[in-house]
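S.K.: Quick one: the structure is below, and I'll ask about it shortly.
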Amino acid sequence: MTVVLSGIQSSGRLHLGNYFGAIRQHVALQQEPGEHLYFIADYHALTSSRDPAELRDNAREVALTYLALGLDPARATLFRQSDVPEVCELAWLLACVTSMGLLERAHSYKDKVAKGLKPNVGLFTYPVLMAADILAYGSTVVPVGKDQQQHVEMTQDIAQSFNHLYGPCLTVPQPRIPSEEHLAKVPGVDGEKMSKSYGNSIWIFEEGKLLKNAVNRITTDSRPPEEPKDPSSVLLLRFLELFLPADEFAQWCERVRAGGAGAPGYGHLKLRLIEAIEATFGPARARRKHLLENPAEVERVLAEGGTHARAQARATVDRCYRACGLR
Ligand code: ADP
Ligand code: TRP
């Protein structure tokens with residue numbers, strides 16, 4: 001059976017990169033046959049969060065975001081990672097078959113250290129806990145953005161090591177990455193990969209003046225509108241590509257390329273982008289507000305999801321305990 005699973009770390013408000021790289025696929029995939037599990041990676045958020053209230057709020061924000069954007073609890077199980085403590089038990093079993101070398105090769109860890117982050121042991125072993133998340137439910141498909149691909153490949157290695165030593169206990173999953181580059185790696189307002197930790201993101205539900213300010217931060221240059229430009233050199237177009245129908249997008253590119261009196265200035269592109277963001281996320285923004293006023297509804301979904309997920313994880317952990325000689 002197909003088991004689709006993914007998670008998002010609850011370390012802040014979710015941005016356009018999270019939507020186009022991950023959440024949009026998650027919401028679309030729930031229509032396909034099979035089991036669907038999505039979770040809020042709050043244990044993972046603890047590798048960098050030090051504020052208890054903020055950790056709780058961020059977890060709720062991820063739940064609100066998923067539900068507002070159309071995740072349907074009747075089709076998909078939504079739960080908090082920490083409601084399934086079994087993943088920590090499984091992570092230990094997996095850690096004992098994982099080489100230091102495998103973890104030392106993790107790009108995400110190396111990038112964070114290179115950016116000056118002082119690593120804790122949790123950050124170093126992050127991929128092992130992520131492997132436990134994936135393997136606990138027998139996941140077959142893991143839809144994530146490009147930056148998480150290596151983590152899913154490490155999960156494959158770890159599952160194979162465990163199975164090689166103890167017999168076929170764990171299902172080896174496949175990553176599913178958006179095939180189009182502009183979705184797999186959404187740029188931030190500075191043109192680098194959009195990320196919560198780089199301060200270059202645009203929140204999915206931003207509105208009004210704050211949305212305008214966010215769009216105004218997208219880097220432009222001083223070339224005048226009439227100067228013909230290579231569309232790939234205009235960051236605003238990379239944003240518009242995410243929102244506009246292909247034919248309309250092609251027309252904007254053509255006008256930018258041609259230059260002259262009819263060419264749009266950066267101000268025009270910004271206005272069109274704001275309109276497109278409003279139209280895409282307006283209805284979801286209203287649903288988020290409704291959910292904010294009904295916290296019990298959100299809690300109920302998470303509690304039911306947690307109970308369902310936990311039973312599955314327990315069965316996997318028990319099987320692995322028996323296989324490795326702990327029972
Ligand atoms: P962040 O880098 O902001 O901390 P996460 O690592 O929590 O984001 O990512 C959550 C999900 O969103 C993952 O599946 C990830 O691949 C996807 N994602 C994050 N940033 C981007 C981006 N800029 N473009 C495409 N997908 C992204
Ligand atoms: N590392 C993912 C992120 O940064 C979150 C995550 C944790 C995850 N466990 C996972 C994603 C398991 C997919 C599958 O958002």
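None of the figures in this text is laboratory data; all of them are computed from the coordinates on show. What you see is a predicted model, and the numbers here were worked out from it, not measured in a lab. When we count neighbours, we look across all protein chains shown, and the Cβ atoms used for this are built from the backbone with ideal geometry, even at glycine.
S.K.: Quick one: pull the percentage of alpha-carbon pairs in segment 54-202 with a separation above 28 Å.
M.R.: Above the 28 Å cut-off, segment 54-202 has 24 percent of its Cα pairs.
S.K.: Looking at the chain only, what percent of DSSP beta bridges run antiparallel? Nearest 5 please.
M.R.: Taking every DSSP beta bridge within the chain, about 10 percent pair in antiparallel fashion.
S.K.: I've got another one for you. With only alpha-carbon pairs counted, each pair once and no self-pairs, how large is the Kirkwood hydrodynamic radius of segment 209-327 in angstroms?
M.R.: Hydrodynamic radius (Kirkwood, Cα only) of segment 209-327 equals 18.5 Å.
S.K.: Residues with amide H under 5 Å of Thr77's amide H, sequence separation 5 or more or different chain, H placed in the peptide plane at 1.01 Å from N; which?
M.R.: Residues meeting the amide H criterion: His36, Leu37, Tyr38.
S.K.: Hey, another quick one. What net charge is computed for the residues neighbouring Val27, neighbours being all others with C-beta under 15 Å from the C-beta of Val27, Lys and Arg scored +1, Asp and Glu -1?
M.R.: +3
S.K.: Hey, another quick one. Provide the descending list of Cα extents for segment 56-120 along its principal axes, expressed in whole angstroms.
M.R.: Each principal axis gives a Cα extent; for segment 56-120 these are 41, 30, 20 Å.
S.K.: Which three extents, in whole angstrom, do the alpha-carbon atoms of segment 261-327 cover along their principal axes, largest first?
M.R.: Here the spans come out as 77, 32, 10 Å, largest first.
S.K.: Now a separate question. What net charge do the residues around Gly70 carry, taking every other residue with its C-beta under 13 Å from that of Gly70, with Lys and Arg at +1 and Asp and Glu at -1?
M.R.: Around Gly70, the charge tally is +4.
S.K.: Then there's this: Where the centre of each part is set by its Cα atoms, how far does segment 295-327 sit from segment 251-280, in angstrom?
M.R.: So the separation of the two Cα centres works out to 49 Å.
S.K.: Moving to a separate point now. Sequence gap at least 6, Cα distance under 8 Å: using those rules, report the relative contact order of the chain to the nearest whole percent.
M.R.: 23
S.K.: Scale the Cα Rg of the chain by the rule-of-thumb value 2.2 N^0.38 Å and send over the ratio, two decimals.
M.R.: Normalised by 2.2 N^0.38 Å, the Cα Rg of the chain equals 1.08.
S.K.: Restricting everything to alpha-carbon atoms, can you work out Rg to Rh for segment 13-83 with a Kirkwood hydrodynamic radius?
M.R.: My calculation of the ratio gives 0.98.
S.K.: Next up: Evaluate the charge dipole of segment 206-327 about its Cα centre and quote only its size in Debye, nearest 20, assuming +1 on the Cβ of each Lys and Arg and -1 on the Cβ of each Asp and Glu.
M.R.: 700
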